[in-house]
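Values in this text are rule-based calculations from the coordinates and carry no lab data. Remember, it's a predicted structure, so these values are computed and weren't measured experimentally. Positions of Cβ are backbone-derived with ideal geometry, glycine not excepted, and every protein chain shown enters the neighbour counts.
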Amino acid sequence: MKRVLQNARAKRKVLVVEDEWINREILGNMLSEEYDVAYAENGQQAISLLQEDADSFSLILLDLMMPVMGGEEVLKICRSDTALTGIPVIVITQDEDAEVSSIRAGADDFIKKPYDMPEVILARCERIIDLYEQKKLIDSAEIDPLTGLYTRDFFFEYIRQMEKYSDANMDAIVMDVEHFHLINEIYGRSEGDRILKKISSVIMTELRDSFAIACRCAADTFYIYHSCSSDYCMLAEKILGEMASVSFKSTKIRLRIGVNKSVDRNTAPEQWFDHAKLACDGLRGDYTKQIAYYDSAAHDRQLYHERLIRDMDSSIANKNFTVYFQPKYGIEGDRPVLKSAEALIRWIHPELGMINPGDFIPLFESNGLVQKLDRFVWEEAASQIAFWKKKFGFTIPVSVNVSRIDIFDPDLEDRLLGILDKNGLSSGEMLLEITESAYSDSAERLIEVVNNLRAKGFRIEMDDFGSGYSSLNMLTTIPIDVLKMDMKFVSNMLKDDKSLKLCELVMDISKFLEVPVVAEGVEEKAQLDKLKDMGCTIIQGYYFSKPLPADQFEKLIKKETEA
Amino acid sequence: MITLDALREFGADTDRGLATCMGNEALYLRLVSSVSSEKSFDDLSSAIKAGDLDSAFEAAHALKGVLGNLSLTPLYEKASEITEFLRNKTDTDYGKLLDELMSKKDILTDLCK
């Protein structure tokens with residue numbers, strides 16, 4: 001017996017089934033030092049003892065020829081009753097032909113009569129008990145007791161073994177139950193378990209004839225590794241179909257299935273299922289479908305986004321973000337005059353290089369991180385305005401972006417004023433751009449904030465005007481100082497009549513609101529002329545200049561002072 | 001009282017018998033002493049007298065097992081011989097074989113007195 005087990009647990013119990021009392025005494029004498037020994041005089045006694053408390057027995061020593069019920073009958077029962085299959089049986093026999101037939105019938109070993117030396121018998125008993133106990137340990141780690149499917153660790157181990165012998169295309173499938181924890185809570189754990197068992201039995205039935213294995217990975221999450229036969233996953237459809245016909249207390253359960261088709265063998269098996277799980281998780285709350293396929297392009301995008309999110313803070317600290325300035329020119333007179341600039345953020349990533357703002361701005365807007373970027377730009381822009389003011393003796397006002405999320409920052413006003421104050425600037429020297437869609441989104445709060453900012457002397461530019469969904473009624477109540485025409489109108493104004501009409505409409509609205517219009521995205525003289533005809537007074541765009549780093553922008557200021 | 005020496009003289013492999021009993025002499029001698037009153041001797045004799053070879057085989061087989069485990073060689077060998085004849089239902093003089101077995105048993109019984 002393994003020392004650890006021996007020390008940690010009580011003596012094992014051995015059942016001696018033998019009709020001759022002398023033989024029972026001899027065996028009992030041999031075994032009793034190592035084991036607790038129970039006796040049965042015939043098969044019937046043995047079976048009733050076993051059925052009373054099967055778990056207490058570690059071994060059966062079974063004589064074959066007995067009255068009432070012989071050993072072969074006992075062996076048959078032991079090997080068909082699931083409560084008894086975990087107990088090893090050593091058959092005691094005088095006849096060699098009985099050895100073969102009893103091994104076939106499921107005996108684990110045999111002892112000859114006349115008995116072998118006690119050392120031999122004891123060694124055989126010990127070995128077989130150890131073997132069974134180890135097997136039980138392995139079994140309990142291998143199989144999920146609730147569902148009979150593999151456990152996660154063994155599942156992946158078996159996948160690695162399958163991988164050694166097969167390179168067939170395989171699908172990784174992840175399946176779970178929507179709101180399973182609620183089912184447990186509302187209908188009780190036993191109902192939850194019933195559902196899990198049903199799912200497992202459906203999986204097992206469907207997989208019976210396939211090259212596939214399955215496990216229950218966590219509470220209600222199932223993993224299936226399955227040979228892939230076509231572009232879509234028949235198996236997933238079948239399981240859903242089968243489950244749809246089962247009714248539970250909770251009337252309806254909703255399975256979600258994520259499929260990673262034809263796994264990529266350059267990555268580890270765990271990753272195949274992570275990807276399938278991503279697809280599965282993507283179905284959360286989507287009641288239009290139950291099966292989703294993993295999309296590696298989408299996943300790459302997601303990974304890229306994760307990278308950007310992860311790197312943002314360090315990039316701010318390391319000044320991998322920089323602020324560029326795009327000039328806005330007044331075109332009322334004969335000569336265009338540099339009026340102001342828009343601060344635009346650029347990200348020069350130390351490893352990824354220049355990242356398109358279109359890649360990271362919408363991302364950071366969607367998760368609120370844009371707030372950090374905005375604050376960075378405010379700081380940078382303010383210090384630049386102050387620097388030029390000191391250097392040239394006049395102010396080039398710079399407009400900065402105020403994102404939707406900033407509107408809900410209760411300290412917005414103080415924060416902006418603090419930055420200006422630190423740089424010795426007044427609120428009139430930094431312009432604030434708020435996108436039109438922010439207006440329609442949370443109008444009341446926004447109007448309140450904008451009114452407060454304007455009361456402090458800030459000027460507000462409504463960005464991307466025309467792209468949002470402002471109602472005409474709202475326009476009359478919006479407190480703004482400048483309209484920035486959506487650049488799509490400008491870029492299409494000479495190509496289609498509709499865009500041209502929209503430009504004119506924006507101009508009309510601006511006249512009605514008595515605010516000037518800034519036209520963005522102006523690239524050609526023809527566009528400029530047309531806009532000028534319409535009464536637009538401020539132009540921003542490549543026609544004059546692309547966004548420039550501060551030092552280059554400074555040359556434009558210098559030129560302006562010389563003119 | 002039976003002794004190991006007497007048993008050895010009778011022809012028993014006492015070393016092996018003792019070993020099977022884990023060297024427990026008292027147990028060994030107690031079991032040997034009681035073997036003469038084993039019911040299987042009676043079962044065997046009545047079955048043979050009745051010509052019931054199947055029952056006779058069962059009894060002989062059982063006896064053979066016990067005698068072998070106690071290493072009572074003279075008895076064991078005779079019991080084995082009878083068992084094999086019975087197993088094959090050999091046509092032989094079972095009465096004579098039984099007498100031979102019984103006379104050896106009687107010797108043992110006397111030794112145990």
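A few points about this structure:
- Three-way shape label, segment A:132-239, alpha-carbon gyration tensor, a/c 1.5: oblate
- In plain terms, the residue of A:Cys215, A:Cys125 with the fewest other Cβ atoms within 10 Å comes first and the most crowded comes last, giving A:Cys125, A:Cys215.
- Computed E for A:Thr205/A:Ser366 - FRET, C-beta separation, R0 41 angstrom, nearest 0.05: 0.40
- Between A:Gln552 and A:Val100, full extension at 0.36 nm per residue minus the direct alpha carbon distance yields a gain of 153.1 nm.
- Computed E for A:Arg127/B:Lys113 - FRET, C-beta separation, R0 56 angstrom, nearest 0.05: 0.80
- Note on A:Asp81 and A:Arg254: their simple-model spin labels are 4.8 nm apart, each label 7 Å out from Cα toward Cβ.
- Scanning chain A for long hydrophobic helices, with DSSP H runs required to stretch 30 angstrom or more by C-alpha along their axis and to average at least -0.5 on the Kyte-Doolittle scale, returns A:118-142, A:370-392.
- Under the simplified labelling scheme, the A:Ala219-A:Lys488 pair shows an inter-label distance of 4.3 nm, with each label point 7 Å from Cα along Cα→Cβ.
- Proximal lysines relative to A:Lys289, as straight alpha-carbon distance under 22 Å, when same-chain residues fewer than 8 apart are discounted: A:Lys198, A:Lys238, A:Lys252, A:Lys261, A:Lys277
- Cross-link reach is defined here as a Cα-Cα straight distance under 20 Å, omitting same-chain residues fewer than 8 places apart; for B:Lys64 the lysines meeting it are A:Lys112, A:Lys113, B:Lys39, B:Lys49, B:Lys78, B:Lys89, B:Lys96, B:Lys104, B:Lys105.
- The distance from the alpha carbon centre of segment A:287-363 to that of segment A:513-559 is 22 Å, rounded to a whole number.
- Charge tally for A:Ser314 (other residues, Cβ to Cβ under 13 Å; Lys, Arg +1; Asp, Glu -1): +1.
- Computed from label points 7 Å out along Cα-Cβ, the spacing between A:Arg265 and A:Thr476 is 7.2 nm.
- Helix content alone sets the calculated 222 nm mean residue ellipticity of chain A: runs of n ≥ 4 DSSP H residues at -39500 (n - 2.57) each, divided across all residues, give -15500 deg cm²/dmol.
- Cα gyration tensor category, rounded, prolate or oblate, for segment A:255-314 with a/c compared to 1.5: oblate
- Whether segment A:55-137 is rounded, prolate or oblate, judged on the alpha carbon gyration tensor where a/c under 1.5 counts as rounded: oblate
- Mean ellipticity per residue at 222 nm, deg cm²/dmol - from DSSP H runs of n ≥ 4 across chain B, formula -39500 (n - 2.57): -24500 deg cm²/dmol
- Straight-line cross-link reach from A:Lys555 at under 16 Å between alpha-carbon atoms covers these lysines, not counting any fewer than eight positions away in the same chain: A:Lys328, A:Lys339, A:Lys389, A:Lys390, A:Lys391, A:Lys546.
- Computed extension gain for A:Ile143 through A:Glu524, at 0.36 nm per residue and net of the alpha carbon distance, reaches 130.0 nm.
- FRET efficiency, 1/(1 + (r/R0)^6) with R0 56 Å, evaluated for B:Lys89 and A:Tyr287 via beta carbons: 0.10
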